[in-house]
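Beneath this line is the structure, given in structure tokens, with notes to follow.
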Amino acid sequence: MTSEETAPAPLAIGLVRGAAVAVRLHGSAGRPPVLIAQTAAGEISLPLLEVRGGHLRALRALGDALSARARRRLKRAPDRIDQVFALPGGLIKRLEVQLDDGTHVDWASTEGGLGDLLPTDEETFRAALSFGSRRHADPETVRFVTGQVLRGPGVAQTPDGYQDGYLINAFVIHLYKSIELDRHDPPEWTQAVFERMNAVLAAMPTTGVGVRSDVEQLFVSMRMALWQMHMGRGEVDAAQARLDEVVAYHDLSIDRIVNCNRSYNLAKSMFMAGLLALARDEADLAGRLFENAADVFRRGVAAVRPRTGNLTWFAEMAATHQVAIHAMTLLRRLIEGAPIAKETVLEMAPAAVRVEDAAYLERLKASLASAWVEPRAQAFTPYADPELETA
């Protein structure tokens with residue numbers, strides 16, 4: 001660096017690990033970071049903890065997961081210091097890195113920073129949680145943020161009146177991160193939040209069409225996340241209870257599949273309900289559920305228009321298409337009376353879930369295998385319905 005060049009300003013990345021925060025400070029010329037927490041009680045300077053190998057591995061993984069732009073910014077300041085701090089109790093609004101003289105240090109990017117840990121309005125929620133590309137890149141940190149939202153004061157009133165949809169969205173994200181990490185809250189807490197979200201949902205306006213405002217989409221989305229959580233934990237009866245609610249919703253609301261977004265979770269849930277019925281050798285029920293899964297896909301595709309405003313929803317129909325193919329394959333075998341091996345069912349099961357983690361998929365298959373019964377009859381007699389027949 002020449003005398004005319006200016007050293008890049010220091011930058012930081014950080015993540016939450018249990019009751020600790022790990023911070024990597026770049027470009028401070030050897031000066032250690034100070035971490036300030038903004039809480040309801042005011043600003044608190046956090047005490048240092050021992051830096052462990054797990055913290056260093058997590059920081060390295062976080063750095064690798066950052067956007068190309070953020071990585072380039074950090075490369076300009078290659079010297080770094082790693083520190084770990086103890087989190088205070090209670091809700092934390094944000095964390096700020098400073099140097100020892102009080103100089104403020106920016107977070108390198110939103111996906112690697114801890115600048116907004118308690119979104120309480122539409123703007124901050126959309127910036128921190130609503131979109132996967134804007135969330136923190138570390139799943140455990142995202143789970144910490146959603147847990148704070150669910151324990152916090154709620155989301156401020158929005159102009160369209162759909163602010164509570166953000167709370168339900170936080171609950172669903174929290175469940176998926178819990179599944180991904182295989183780290184779960186006490187069952188009584190999860191049940192209490194679920195009941196609170198049901199009450200919130202019942203009070204929401206019913207005219208929304210977005211993922212955080214469509215009450216019918218939110219109803220199914222919550223239950224799909226929950227049954228996936230239960231299947232991953234071997235709690236087949238609890239998963240079945242949530243699936244039964246989705247099946248009942250389908251029977252009452254199938255004619256309201258007015259966009260392909262509603263069909264995604266519904267088709268997957270119908271398929272998993274069918275797989276569980278097939279595992280229990282309830283072939284007649286399984287056949288009807290497989291018909292439902294394929295029919296939901298058909299209705300979702302039919303709802304798409306060439307000038308649709310959300311191509312992402314349409315793109316997700318590729319996953320629902322796979323569900324429909326599996327459902328129709330099993331349905332055909334049931335109609336023909338052909339045997340269906342347990343291994344075939346387990347191989348198809350991942351199509352029913354949104355979670356792609358390999359360890360979770362093995363737990364899912366183990367739960368489904370535990371429901372399998374012998375001997376098997378596998379009798380299914382389809383009822384006449386012109387809409388379900390081949391033209």
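Being of a type in the set (Asp, Glu), out of contact with any Gly (no Cβ under 7 Å at 6 or more places or on another chain), under 26 Å from Glu50 (Cα atoms) and assigned to a helix (DSSP H, G or I) holds for only one residue in Glu140, Glu123, Glu96, Glu180, and it is Glu140. Within region 195-209, being surrounded by 14 or more Cβ atoms within 10 Å (Cβ to Cβ) and assigned to a loop (DSSP other than H, G, I, E, B) holds for Met204, Gly208, Val209. Taking the listed residues Val84, Val97, Val105, the one that is surrounded by 12 or more Cβ atoms within 10 Å (Cβ to Cβ), farther than 15 Å from Pro47 by Cα, modelled with pLDDT of 95 or more and in contact with a Leu (Cβ under 7 Å, 6 or more places away or on another chain) is Val105, with no other qualifying. The condition of being assigned to a helix (DSSP H, G or I) and open to solvent by less than 40 Å² (accessible area, probe 1.4 Å) holds for only one of Ala192, Ala238, that being Ala238. Inspect all residues belonging to region 358-374 and state whether any of them is in a loop (DSSP other than H, G, I, E, B), modelled with pLDDT of 90 or more and surrounded by 11 or more Cβ atoms within 10 Å (Cβ to Cβ). Yes - at least one qualifying residue is present in region 358-374. Do the conditions hold for Ser133, that is, is it of a type in the set (S, T, N, Q), in contact with a helix residue (DSSP H, G or I) (Cβ under 7 Å, 6 or more places away or on another chain) and on the phi < 0 side of the Ramachandran plot? Criteria not met by Ser133. Listed by first and then second residue, the pairs with beta-carbon distance under 8 Å, at least 6 apart or on different chains, first residue in region 154-172 and farther than 27 Å from Asp185 by Cα, second open to solvent by 10 Å² or more (accessible area, probe 1.4 Å) and of a type in the set (S, T, N, Q), are Gln157/Gln163; Asp160/Ser213. Scanning region 345-357 for residues that are in a loop (DSSP other than H, G, I, E, B) and touching a helix residue (DSSP H, G or I) at 6+ places or on another chain (Cβ under 6 Å), we see that the one that is farthest from Arg183 (Cα to Cα) is Val353. Looking only at region 24-76, filter to residues that are among the small types (Gly, Ala, Ser), buried (at least 17 other Cβ atoms within 10 Å of the Cβ) and outside any loop (DSSP other than H, G, I, E, B); which one of those is modelled with the lowest pLDDT? Taking the candidates together, the pick is Ala70. Exactly one residue among Ser263, Ser269 is crowded, with 23+ Cβ neighbours inside 10 Å, closer than 14 Å to Ala349 by Cα and of a type outside the set (D, E, K, R), and that residue is Ser269. Within region 327-357, the set of residues being small (Gly, Ala, Ser), out of contact with any Asp or Glu (no Cβ under 8 Å at 6 or more places or on another chain) and surrounded by 15 or more Cβ atoms within 10 Å (Cβ to Cβ) comprises Ala349, Ala351, Ala352.
Taking region 74-84 as the range and being farther than 19 Å from Gly53 by Cα and under 29 Å from the mean Cα position of the chain (by Cα) as the test, only Leu74 passes.
The values are calculated or read from the model by the stated rules, or taken from the named source; none is laboratory data. Nothing here was measured: the structure is a model prediction, and the numbers come from that model. All Cβ positions, glycine included, derive from the backbone under ideal geometry; neighbour counts span all protein chains shown. Side chains included, ligands, DNA and RNA excluded: accessible areas come from the protein's heavy atoms. Shrake-Rupley method; radii C 1.70, N 1.55, O 1.52, S 1.80 Å.
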